[in-house]
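Remarks on the structure that follows.
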Amino acid sequence: MIRSIPPWIATVAGLVLAGLVALAVFSTVSGLWRGLPWSAQQRLERAEARLDQVQAELTSRQGEVEALERQAVSVADAHRILNQVRTVTVRAQTRAEEAPDAHDPIDPDRADRLRDADRRLCRLSPDLCPSSDLPAAPGS
């Protein structure tokens, strides 16, 4: 009870099969598959584009790291200098407070000369001296 396939169906099926084989051979030879997103060529191009992007980002990050390293060195130097200044200031203040004449009153003429010297220094560098710290010069 096996029925045979009519000859016209076999001919059509053979032609369709031959057409598919011809299309496969043509597309492989002509590179038709290269433009498709899953093709090896497209994957390679995407990978190369990503590589270029990552390399540019790496260069940028390296510049940032170098700048941060220089900044860290500058901050460390500033802290070292601040600590040295604090040490010297505390030492000088302690010596001044412990001096034998620390609590003796200053001669008024000498105090005036010192104030005048302070005023002259402040005129040379006003950003270091707030104006309210010094009394006005006598006669001004």
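With labels modelled as points extended 7 Å from the Cα through the Cβ direction, what inter-label distance (nm, one decimal) is found for Asp77 paired with Arg43? Label-label distance for Asp77 and Arg43, simple model: 5.3 nm.
Under the rule of -39500 (n - 2.57) per DSSP H run of 4 or more residues, summed and divided by the residues of the chain, what mean residue ellipticity at 222 nm is obtained, to the nearest 500 deg cm²/dmol?
Numbers: 3 runs with 100 residues, N = 140.
Using -39500 (n - 2.57) per qualifying helix, the result is -26000 deg cm²/dmol.
Annotation: extensible slack from Arg123 through Val88 equals 10.0 nm (criterion: 0.36 nm per residue apart, minus Cα-Cα distance).
In whole percent, how big is the carbon plus sulfur part of the accessible area of the chain, probe 1.4 Å, protein atoms only?
Working: 7850 of 12490 Å².
C and S fraction of accessible area: 63 percent.
The long axis of helix 40-98 is offset from the longest Cα principal axis of the chain by roughly 10 degrees. Inter-part distance, the range 52-129 to the range 1-27, computed on C-alpha centroids, equals 94 Å. Its Cα gyration tensor gives the chain an equivalent ellipsoid. The semi-axes, each the square root of 5 times an eigenvalue, are 99, 18, 13 Å from largest down. Tell me, in nm to one decimal, what length is gained between Gln62 and Ile106 on full extension, where the rule is 0.36 nm per residue of separation less the Cα-Cα distance? Answer, rounded to one decimal: 9.8 nm. Available extension along the chain between Arg50 and Ala22 is 6.4 nm, counting 0.36 nm per residue and deducting the alpha carbon span. Could you work out how far helix 108-124 tilts from the main Cα principal axis of the chain, as a 0 to 90 degree angle to the nearest 10? That works out to roughly 30 degrees.
Against the chain, whose longest principal axis is taken from its Cα atoms, helix 7-30 shows a tilt of about 30°. Under a 5 Å amide H cut-off, with hydrogens placed 1.01 Å from N, Cys129 pairs with nothing among residues at least 5 apart or on other chains.
The values are calculated or read from the model by the stated rules, or taken from the named source; none is laboratory data. What you see is a predicted model, and the numbers here were worked out from it, not measured in a lab. Positions of Cβ are generated from backbone atoms using ideal geometry, with glycine treated the same way; all protein chains shown enter the neighbour counts. Only protein heavy atoms, including side chains, enter the accessible area calculation; ligands, DNA and RNA are left aside. Shrake-Rupley method; radii C 1.70, N 1.55, O 1.52, S 1.80 Å.
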